[in-house]
Amino acid sequence: MPVLAAAGSYNFMVGPAMAFAVVGVLALLLRWAYGGHGSSLVERLPRRGSSSEYGLLVAIASPGSFVEGELLRRRLEDAGVRATLVSTDDGPRLMVFAEAEKRARGILARTD
């Protein structure tokens, strides 16, 4: 029985040791998630750029306001063309993929 008594005397350390281990793992996880050097998993606020900085997207319209741009975007979406309304340095721009540019310009040129 002395072996069980000796092993039982360390039980008071198990609870605090587990708590410190959990806090340590959480600290490492948060450091990884919020770490600097461009590897953060937390979304940053979008920045404005020129209309040429949108990769595969091509600007097809320059609406006067975001409301007007959203109406144009919805017209394209209803016709089956994927479109995005973005904020650029020069104001709002309606963007589509290059392969859909001709079709999108045709849809916007029609007045219904």
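Which percent of the accessible heavy-atom area of region 51-112 goes to carbon and sulfur, probe 1.4 angstrom?
Numbers: 1990 of 3920 Å².
Carbon and sulfur: 51 percent of the exposed surface of region 51-112.
In a Debye calculation with equal point scatterers on the alpha-carbon sites of region 44-112 and no solvent, what is log10 I(q)/I(0) at q = 0.11, 0.12, 0.24 Å⁻¹?
With one equal scatterer per Cα and no solvent, log10 I(q)/I(0) is -0.24, -0.28, -1.06.
The values are calculated or read from the model by the stated rules, or taken from the named source; none is laboratory data. If you're wondering where the values come from, they're calculated on a predicted model, not measured in any experiment. Ligands, DNA and RNA are stripped out before the accessible areas are found, and what is left, the full protein with its side chains, is counted by its heavy atoms. Shrake-Rupley method; radii C 1.70, N 1.55, O 1.52, S 1.80 Å.
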